[in-house]
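Written below as structure tokens is the structure these notes are about.
Every read-out reported here was derived from the displayed coordinates using simple, explicitly stated rules and does not represent laboratory data. Bear in mind the structure is a predicted one, so any value in this text is a computation, not a measurement. Cβ: placed from backbone, ideal geometry, glycine included. Neighbour counts: every protein chain shown.
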Amino acid sequence: MEAIGYTAAQPNLDAVFAALADPTRRAILSRLVDGEASVGEIAAPFEMSQPAVSRHFNVLERAGLIERGIDEQRRPARLSAEKMAPAVQWLEEFRAFWETSFDQLDDILATMKQTTNKEPDHE
């Protein structure tokens with residue numbers, strides 16, 4: 001059954017949004033912006049075990065947001081941000097709506113301010 005009026009879903013878009021839905025995974029991605037790191041290095045500031053962080057790594061890896069290499073005994077992860085592009089493009093479709101909404105709010109606040117400034121002071 002085809003949904004009329006809906007665009008075709010981008011491949012992997014659901015996996016990217018699911019991965020980004022968790023604050024720990026977003027924090028991991030933010031850390032990886034600074035460069036690659038191992039599970040142990042990422043786990044250090046969190047109050048969770050390395051296996052728990054490893055599970056987050058697995059979700060990020062399945063979504064294509066990180067890549068993991070092998071460097072002797074460690075498996076460093078590095079950010080693969082290009083996989084976020086479809087999510088960014090999808091969100092970009094809503095920019096005009098947000099900007100219009102903010103412009104309307106600005107107009108309402110300006111009108112309210114003018115109305116408040118016109119009211120006589122009661123002394």
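Tallying residues that are out of contact with any helix residue (DSSP H, G or I) (no Cβ under 8 Å at 6 or more places or on another chain) and surrounded by 10 or more Cβ atoms within 10 Å (Cβ to Cβ) within segment 82-91 yields 4. Within segment 70-111, restricting attention to residues that are touching a residue at least 24 places away in the same chain (Cβ under 8 Å) and not in a helix (DSSP H, G or I), the residue that is farthest from residue 13 (Cα to Cα) is 74. The set of residues from segment 18-72 being of a type in the set (D, E, K, R) and under 18 Å from residue 82 (Cα atoms) comprises 25, 26, 31, 34, 36, 61, 62, 67, 68.
Restricting to segment 18-70, name every residue that is at positive phi and surrounded by 13 or more Cβ atoms within 10 Å (Cβ to Cβ).
Of everything in segment 18-70, just one residue is at positive phi and surrounded by 13 or more Cβ atoms within 10 Å (Cβ to Cβ), namely 64.
Is it true that residue 64 is within 14 Å of residue 17 (Cα to Cα) and outside any helix (DSSP H, G or I)? For residue 64, the condition - within 14 Å of residue 17 (Cα to Cα) and outside any helix (DSSP H, G or I) - is met.
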